[in-house]
Amino acid sequence: MQIRKKTHNKEVIRGKRKFQFLNSGILGIKAISSGRLLKEKWEVTKRDLHKKIKFFCGGGRCKIWSTLEFNNTLTKLNVESRMGKGKGPIYSNSKFIREGKVLIEFSQIPKHKQKEVLSFLQKKLGLRIKLVNL
């Protein structure tokens, strides 16, 4: 089991990755805008996406790959607490998504259903995304 740590001062990551390529699939979803993504929200979205794609493809023909690792821990302290009481308990994990990051990859999704998957993910995630082909 991995121990989640409370972090304070993060180092600044320099540079942008505008060109990230597909590793496993033929079709991918790439972020156009940047923002924070919570782990719980991503897991719910992924579960709903699996259901939707299972309905589209029938059996186990379609495959999905996701390489997101949630590396930030979010802590919260009471509003009424005084100074010097610590950081507070961890309530969630998050990942800062930069523009150009490939969020999820697919294989063998029918062409007429690709736009429907894109609009579904656009509504769920709250980030601007686009389809990327191999």
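With respect to residue 24, is the statement that it is at pLDDT 90 or above, of a type outside the set (D, E, K, R) and surrounded by 13 or more Cβ atoms within 10 Å (Cβ to Cβ) true?
Values: at pLDDT 90 or above: no; of a type outside the set (D, E, K, R): yes; surrounded by 13 or more Cβ atoms within 10 Å (Cβ to Cβ): yes.
So residue 24 fails the test.
Is region 117-128 home to any residue that is among the aromatic types (Phe, Trp, Tyr) and over 17 Å from residue 28 (Cβ atoms)?
Taking region 117-128 and keeping what is among the aromatic types (Phe, Trp, Tyr), we get 120.
With the extra rule that they be over 17 Å from residue 28 (Cβ atoms), the set shrinks to none.
No: zero hits.
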Close pairs (6 angstrom Cβ cut-off, 6 or more residues apart or separate chains): closer than 17 Å to residue 42 by Cβ in region 99-116, open to solvent by 50 Å² or more (accessible area, probe 1.4 Å) anywhere: 105/24; 105/65
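Take residue 66 and decide whether it is touching a Lys or Arg at 6+ places or on another chain (Cβ under 9 Å) and under 29 Å from residue 4 (Cβ atoms). Can you show your working first?
Numbers: touching a Lys or Arg at 6+ places or on another chain (Cβ under 9 Å): yes; under 29 Å from residue 4 (Cβ atoms): yes.
Yes, satisfied.
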Please report, ordered by residue number, the strands (runs of 3 or more DSSP E) entirely within region 71-134 with at least 1 residues that are open to solvent by 100 Å² or more (accessible area, probe 1.4 Å) and touching a strand residue (DSSP E or B) at 6+ places or on another chain (Cβ under 7 Å). 90-97, 129-133
Being surrounded by 12 or more Cβ atoms within 10 Å (Cβ to Cβ) and either at pLDDT 85 or above or more than 16 Å from residue 106 (Cβ to Cβ) (or both) narrows 63, 18 down to just 63
Can you list residue pairs whose Cβ atoms sit under 8 Å apart, with the first residue in region 46-59 being under 12 Å from residue 110 (Cβ atoms) and the second being among the aromatic types (Phe, Trp, Tyr)? Count only pairs 6 or more apart in sequence or on different chains. 53/106
The strands (runs of 3 or more DSSP E) lying wholly within region 27-66 that contain at least 2 residues that are farther than 23 Å from residue 133 by Cβ are 35-38
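The values are calculated or read from the model by the stated rules, or taken from the named source; none is laboratory data. Predicted model, so just to flag it, every value in this text is computed and none were measured. We place every Cβ from the backbone using ideal geometry, glycine too, and count neighbours over all the protein chains shown. Side chains included, ligands, DNA and RNA excluded: accessible areas come from the protein's heavy atoms. Shrake-Rupley method; radii C 1.70, N 1.55, O 1.52, S 1.80 Å.
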